[in-house]
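Asker: Sharing a structure below in structure tokens format, with a few things to ask.
The values are calculated or read from the model by the stated rules, or taken from the named source; none is laboratory data. Computed from a predicted model, the values in this text were never measured in an experiment. Reconstructed Cβ throughout: ideal geometry from the backbone, glycine too, with neighbour counts over all protein chains shown.
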Amino acid sequence: MIARLVFALSLIATLPAVAQEPCPTRRHVDCAGAARAVDAAIAADPWLSILDRARAMRLEELRTPLGPEAAAELTRQDAAWRRSLSRNLFFHPDGSLDEPDPRAALRGSLEYWLMRLIQIDPLPAPGITGRWMSAKGEVVIRRRDRDHFDVDINAADINDTAWTCEYEGQGRSDRIEWLETDDGAMELRWLGTALQVSMLPVAPVPFCGAAGSPAGTYFRIGDAD
């Protein structure tokens, strides 16, 4: 994997720039200006530029083995994460930056997301068990015995952490590709190259604040233990 990353970095200069979508609405922040500030900070730093291009290369590398639907979903999550980088910049009410060099905060975020993308296994072993990630968080599913599973979910709003979800539950299933938790709160379904997490209750639940939800598509990044 390290060799592949080194090779990828050697080709970064040949990649076209990736178009960025507008950032989400945030109070006291000019969203277009925030997106431009992120782009400018990355462009001004050689290492940030390398990380940003390596991210794009890893997405392209995953496209074929993930399949069209999962790849499109990962691309959508990546775009949402990329827009959320403006939360690492500190703005005055007039939209100006609070500090002249926001690159340190951006560096940690870019490095973290790139490593998550590198960890994705595009051809996971069959079944729902393992560690799964998305832009909003992580799901860990462990098999206790033949038919019993433990489920841990941690998720958060990626734009401004307006909500968080922390869920722990158990479930029983004789199928490796599907599980409904015993409390009726969550349904987990293996889709071949990804995991689909659904919240079954319609009303807000106690493990998520501010009407948040961990529902969505997750990608396998390793074993549960």
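Asker: Could you identify the single residue in ASP160, ASP152 that is outside the structural domain of LEU114 (by TED's automatic domain parsing), surrounded by fewer than 16 Cβ atoms within 10 Å (Cβ to Cβ) and not in a loop (DSSP other than H, G, I, E, B)?
Answerer: Sole residue among the options that is outside the structural domain of LEU114 (by TED's automatic domain parsing), surrounded by fewer than 16 Cβ atoms within 10 Å (Cβ to Cβ) and not in a loop (DSSP other than H, G, I, E, B): ASP152.
Asker: Also, I was wondering about something else. Could you name every one of the strands (runs of 3 or more DSSP E) located completely within the range 169-221 that has at least 3 residues being touching a residue at least 24 places away in the same chain (Cβ under 8 Å)?
Answerer: 186-190
Asker: Moving on. Considering only the range 184-195, state which residues are surrounded by 15 or more Cβ atoms within 10 Å (Cβ to Cβ) and over 21 Å from PHE219 (Cβ atoms).
Answerer: Listed by number, the list holds a single entry, ALA185.
For (1) at pLDDT below 90; (2) exposed (fewer than 11 other Cβ atoms within 10 Å of the Cβ), each residue gets a yes or a no:
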{"site": "ARG26", "(1), (2)": "yes, no"}
{"site": "ALA35", "(1), (2)": "yes, no"}
{"site": "VAL38", "(1), (2)": "yes, no"}
{"site": "ALA54", "(1), (2)": "no, no"}
{"site": "MET57", "(1), (2)": "no, no"}
{"site": "PRO93", "(1), (2)": "yes, yes"}
{"site": "ASP98", "(1), (2)": "yes, yes"}
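Asker: I need the full set of residues from the range 41-60 which are under 17 Å from TRP81 (Cα atoms) and free of Cβ contacts under 8 Å to residues at least 40 places away in the same chain, in order please.
Answerer: SER49, GLU60 - these are the residues of the range 41-60 that are under 17 Å from TRP81 (Cα atoms) and free of Cβ contacts under 8 Å to residues at least 40 places away in the same chain.
Asker: In the range 100-134, which residues are assigned to a loop (DSSP other than H, G, I, E, B), closer than 19 Å to GLY67 by Cβ and of a type outside the set (D, E, K, R)?
Answerer: ILE120, PRO122, LEU123, PRO124, ALA125, PRO126, GLY127, ILE128, listed by residue number.
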